[in-house]
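Report on one structure; see the data block that follows.
The values are calculated or read from the model by the stated rules, or taken from the named source; none is laboratory data. Just so we're clear, the structure is a prediction, and the values are computed from it rather than from any experiment. Neighbour counts are summed over all protein chains in view; Cβ atoms, including those assigned to glycine, are modelled from backbone coordinates with ideal geometry. These area figures cover heavy atoms from the full protein model, side chains too; ligands, DNA and RNA do not enter into them. Shrake-Rupley method; radii C 1.70, N 1.55, O 1.52, S 1.80 Å.
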Amino acid sequence: MPANAAFLKDIPLFTPMDDAERAAVAELMDEVTFRAGQQMFHERDQGGICYVIRSGRIELSVTDESGEKLVLDVLEPGELCGELSLLDGGNRSTTAVALTDVETLVLERPEFMTFLRKQPDASLDVLSALAKRIRRADKLLKQRVQDPNELIEGAAT
C-alpha cells in the first residue's frame, strides 16, 4: 500500500518537494513493520533502503574500536533512517534496532533514482534538504568541539 503523500510533507528529506513530487514518491513506498527488539539492519550491511518511521522508536548505534556499543540516536515517528545509503548506495553506517513495535514506510534506491532522473526539480529539492542537514550537523559540531587553539592556550597558562 502506498504512503500518504501528506505525511511526507513533514519529513525533512521530502519537505522541499511540491505536492505532485511527494505524491510520486509516496507511490514508490511500501509499508514494513518490525517487532520490538528486531534488528532492522546492521552496520556495514549493504544499504539502499530508507525507512520513514510512522510509529514506534528505533535505536541507531555503532560499535566503537574497543567493541563497545555506542548509541547515536533514538528515532521517533516522522524521522527517517537509511537516507545516506538510499542516496549513495553505500553500506550502512549504523545498526538499527526497533525499540518498540515499529511501522515504517520503505523507499528503495533503484526506484527513487529512477524518479529523480525523471524529476530533476525533485533532485534539487533533495540537495536542498541535504544541505540543510549538513549545515545543522556543522553547527552542532561547532558547538560541541572545542577550538584546539583555545585548548592549547588554556593548557599553557
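Some values worked out for this structure:
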| quantity | calculated |
| --- | --- |
| Candidate lysines - alpha carbon under 29 Å from residue 139, same-chain residues fewer than 8 apart omitted | 9, 69 |
| Separation between Cα centres of segment 119-141 and segment 39-68, rounded to whole Å | 21 Å |
| Assigned charges on the beta-carbon of Lys, Arg, Asp, Glu; the chain dipole about Cα centre (debye) | 140 debye |
| Residue order for 49, 58 - accessible surface, 1.4 angstrom probe, largest first | 49, 58 |
| Å² per residue, accessible surface of the chain at 1.4 Å | 61 Å² |
| Residue 80 accessible area, 1.4 Å probe, all protein chains in place, Å² to nearest 10 | 20 Å² |
| Pairwise Cα inverse-distance average, inverted: Kirkwood Rh of segment 3-157 (Å) | 17.0 Å |
| Acute angle (nearest 10 degrees) that the helix 109-118 long axis makes with the longest principal axis of the chain, alpha-carbon atoms | 70 degrees |
| Cα→Cβ-extended label distance, 7 Å offset, between residue 35 and residue 117, nm | 3.9 nm |
| Amide N proximity, segment 90-117 versus residue 42 label position 7 Å along Cα-to-Cβ, cut-off under 12 Å | 95-96 |
| Within the chain, longest stretch free of exposed GluC sites (Glu not before Pro) [DSSP loop, at most 12 other beta carbons within 10 Å] | 69-157 |
| Per DSSP, loop trypsin sites (Lys or Arg not before Pro) in segment 31-107 with at most 14 further Cβ within 10 Å | 35, 44 |
| Taking the chain and dividing mean pair separation by its residue count, relative contact order in percent (alpha carbons under 8 Å, at least six apart) | 29 percent |
| Virtual spin-label span in nm between residue 139 and residue 64, 7 Å along Cα→Cβ | 2.8 nm |
